[in-house]
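Below: the structure, in structure tokens.
The values are calculated or read from the model by the stated rules, or taken from the named source; none is laboratory data. None of the values given here were measured: they were computed from a predicted structure. Here Cβ is always computed from backbone atoms with ideal geometry, including for glycine, and neighbour counts include all displayed protein chains. To get the accessible areas, we keep the full protein, side chains included, count just its heavy atoms, and leave off ligands, DNA and RNA. Shrake-Rupley method; radii C 1.70, N 1.55, O 1.52, S 1.80 Å.
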Amino acid sequence: MFDSLKNMLSGNDGDNTVSNKEKREIVREKSAALYEKAKTFFPGGVNSPVRAFKSVYGTPLFIEKGDGCFLWDADGNKFVDFCCSWGPLILGHNHPKVREKVIEVMQNGMSFGAPTALENELAGLIVNNNKYIEKIRFTSSGTEAVMSAIRLARGVTGRDKIIKFEGCYHGHSDSLLVKAGSGLVTFGETSSAGIPKAFANETIVVPLNDREAISEAFKTFESQIAAIIIEPIPANNGLLLQDREYLEFLRNITKENGTLLIFDEVISGFRVGFEGAAGYYDIQPDIVTYGKIIGGGLPVGAYASSSEIMSHISPDGGVYQAGTLSGNPVAMAAGIAQLSELLKSGFYKELNAKTQEFAESIQRYASAKNYKLKVFKIGSIFWISFTDKDKIQSAHDIDAGGMDKFKEMHKELLNRGVYFGPSGYEVGFISSAHNKMELEKVKRTIFEVLDIIFKK
Ligand SMILES: *Cc1c(COP(=O)(O)O)cnc(C)c1O
């Protein structure tokens, strides 16, 4: 309270990123009041569960605006943002090119339910710069894209079962909200109420990085498996980086069994490079799904494949999939503006180098002090894990005990103007708007916070 009052009186814009020794606590009065009100409207006060801050301290912050790498909440606190709307904002908040393109297109109306040239333009940017796909279909969310990709795989193969991995998230459609049962290869169990057991029975859940489990599944369910779906860079349950050889193994075993390989690139697409993880590892999947970055902060998802496989989609083929707002012109405009920036030469090189430097200095600091902490990273994604393992490649390997440390770190960072996603299982994102000077300041803040939480 006192700090932010002081800031306001001194005309400070709320910059509380500078470290100092005194104990601080950000004011959350307005956010708290908004949260109380929100609880009267929405289950848990939110429109997506993780926003409710259940795994960290305090009430959720209600955001008033974002600009560049910064966020401001309703109480006027300013943060350097490492959540970036959960991934979409690879150019940071309110990027002028994206904003201007959206405003320009909006002048002509918001939705027609008929084709527009903007759809061709965004599809052209994507397909002409990605050698792994030939045709694409736009949806309005990642969930929809993945759900449609699964239907397509089933339609193409005439098979019902799919394999998914424990620790991968693919949105909230019925077949994919399934967790592992007991045993190496089992039918999944639903991980949400409201999903018929019969649906879950079509989803086989196996651990990541386990070849035996996959081989066993193909033996047990011979000629029944339509697709394996994987986040080739699993980033929804920590950052469970797989070896290229493992992804190649999946590529080969699916080919041998007439099963399609789906890369869910809703996070990794346009993030680790313009061609996503397919390009990063140079592995050709059968179907790819996109979301998050593709819409420049507006709701866009997509699935893409070869012309042959995509010919199964309605109206060309028998697999039905549609959307009132699919290919929405305003959303297309944001996607076009954002992806055009990503295609500029050197974009990823600079962003990835910045992230590497950031992650490595945190690691160096922690290692020098013998703190039990590992920073995993790829492209501009990073994950701070309170563990001493050098590799974490499956959900089982995650140190659940470390989540208490994350909770402490999250609180201390918020109080010092650094915003991380509110769960230790969530990764952090760096955008092109995170400039070196801010990252330097944040690094020092993180060092200070690590000293505090590891002294406890
Ligand atoms: C976010 C995400 C989804 C779901 O996308 P929504 O737009 O939230 O529906 C699916 N798959 C992966 C890998 C994701 O990260």
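For the range 133-289, just say rounded, prolate or oblate: build the C-alpha gyration tensor, square-root its eigenvalues into a ≥ b ≥ c, call rounded for a/c under 1.5, and beyond that prolate if a/b exceeds b/c, oblate if not.
rounded
How far is helix 436-455 tilted off the main Cα axis of the chain, in degrees rounded to 10, range 0 to 90?
The two axes meet at around 80 degrees.
Under 13 Å from the Cβ of LEU439, count the other residues' Cβ atoms, weight Lys and Arg +1, Asp and Glu -1, and hand me the total.
On the way: positive: LYS354, LYS436, LYS441, LYS443, ARG444; negative: ASP81, GLU350, GLU357, GLU360, GLU438, GLU440.
With Lys, Arg at +1 and Asp, Glu at -1, the neighbours total -1.
With every protein chain in place, what's the accessible area of THR203 (1.4 Å probe, Å², nearest 10)?
About 0 Å², ignoring ligands and nucleic acids.
For helix 244-256, report the angle its Cα long axis makes with the longest principal axis of the Cα atoms of the chain; keep it between 0 and 90° and round to the nearest 10°.
It works out to around 20 degrees.
Could you pull out every residue, at least 5 positions away or on a different chain, whose amide H is within less than 5 Å of the one on GLU166? Hs are placed 1.01 Å off N in the peptide plane, and Pro or chain starts have none.
Here VAL206, LEU208 satisfy the definition.
Just name one of ALA180, LEU450, HIS312: the one whose Cα is farthest towards the positive end of the charge dipole of the chain (beta-carbon charges, Lys/Arg +1, Asp/Glu -1).
LEU450
Using Cα positions and a limit of under 15 Å, work out the aspartates and glutamates in reach of LYS135, with same-chain residues fewer than 8 apart set aside.
Partners found: GLU119, GLU121, GLU275, ASP286, GLU308, ASP316.
For HIS172, HIS410, HIS312, what's the largest-to-smallest order of accessible area, 1.4 Å probe?
Ranked from most to least accessible, the order is HIS172, HIS312, HIS410.
Would you mind working out the magnitude of the charge dipole of the chain relative to its Cα centre, with +1 at each Lys and Arg C-beta and -1 at each Asp and Glu C-beta, to the nearest 20 Debye?
920
Between ALA333, SER380, THR259, whose Cα lies farthest towards the positive end of the dipole of the chain when Lys and Arg beta carbons carry +1 and Asp and Glu beta carbons carry -1, centred on the Cα centre?
Value computed over the given set: SER380.
Which of TYR348, ALA123, ALA145 sits farthest toward the positive end of the charge dipole of the chain, with +1 on the Cβ of Lys and Arg and -1 on the Cβ of Asp and Glu?
TYR348
Which value results when the Cα radius of gyration for the chain is divided by 2.2 N^0.38 Å?
Rounded to two decimals, the normalised Rg is 0.99.
Of the listed peptides 61-73, 226-238, what is their order by residue-averaged count of other C-beta atoms within 10 Å, with the highest listed first?
Numbers: 61-73: 18.8, 226-238: 25.1.
Result, highest mean Cβ count within 10 Å first: 226-238, 61-73.
What Kirkwood radius, in Å to one decimal, follows from the Cα pairs of the range 324-456? It would help to have the intermediate numbers written out before the result.
Details: mean 1/r = 0.0607 Å⁻¹.
Result for the range 324-456 stands at 16.5 Å.
Anything over 20 Å Cα to Cα? Flag those among LYS349/LYS436; LYS411/LYS441; LYS354/LYS374; LYS374/LYS405; LYS131/LYS164, in the order listed.
LYS131/LYS164
Ignoring ligands, DNA and RNA, please state the percent of accessible area on the range 96-342 from carbon and sulfur, probe 1.4 Å.
50
Tell me what the chain gives for mean residue ellipticity at 222 nm when only DSSP H runs of n ≥ 4 count, each as -39,500 (n - 2.57), the sum divided by the residue total, rounded to 500 deg cm²/dmol.
Dividing the helical sum by the residues of the chain leaves -11000 deg cm²/dmol.
How far, in degrees from 0 to 90, does helix 117-127 lean away from the longest principal axis of the Cα atoms of the chain, to the nearest 10?
Between helix and principal axis, roughly 90 degrees.
Which value, in Å², gives the accessible area per residue of the chain when a 1.4 Å probe is used on the protein heavy atoms?
Spelled out: the 1.4 Å probe surface of the chain, per residue, equals 43 Å².
Of ASP81, ASP174, which has the most accessible area with a 1.4 Å probe, and how do the rest follow in descending order?
Reading off the accessible areas and sorting them downward yields ASP174, ASP81.
Round to the nearest 10 and report in Å² the accessible area of PHE420, as given by a 1.4 Å probe over the protein chains' heavy atoms.
The value for PHE420 is about 20 Å².
So how do 136-147, 240-251, 151-162 stack up, highest first, on mean other-Cβ count within 10 Å?
So the order, starting with the most tightly packed, is 136-147, 151-162, 240-251.
Pulled fully out, how much extra length does the chain show between MET106 and SER215, if you take 0.36 nm times their separation in residues and subtract their Cα-Cα distance? Could you put the intermediate results ahead of the total?
Working: separation 109, 0.36 × 109 = 39.24 nm, distance 5.13 nm.
So the chain would gain 34.1 nm between MET106 and SER215.
Explain nothing, just the number: dipole magnitude of the range 389-456 about its Cα centre with +1 on each Lys and Arg Cβ and -1 on each Asp and Glu Cβ, in debye rounded to the nearest 20. Spell out each step's value before the answer.
On the way: 12 positive and 11 negative charges, 38 e Å.
Dipole of the range 389-456, to the nearest 20 debye: 180 debye.
Work out the P(r) tail for the range 378-444: percent of alpha carbon pairs separated by more than 18 Å, whole number.
Numbers: 966 of 2211 pairs.
Cα-Cα pairs in the range 378-444 separated by more than 18 Å: 44 percent.
If you place +1 on the Cβ of every Lys and Arg, -1 on the Cβ of every Asp and Glu, and leave all else neutral, what size is the dipole of the range 214-285 about its Cα centre, to the nearest 20 Debye?
Dipole size: approximately 60 debye.
Could you tell me which of rounded, prolate or oblate describes the range 192-251, using a ≥ b ≥ c as the square roots of the eigenvalues of the alpha-carbon gyration tensor, with rounded for a/c under 1.5 and, failing that, prolate when a/b is larger than b/c and oblate otherwise?
Note, shape of the range 192-251 comes out oblate.
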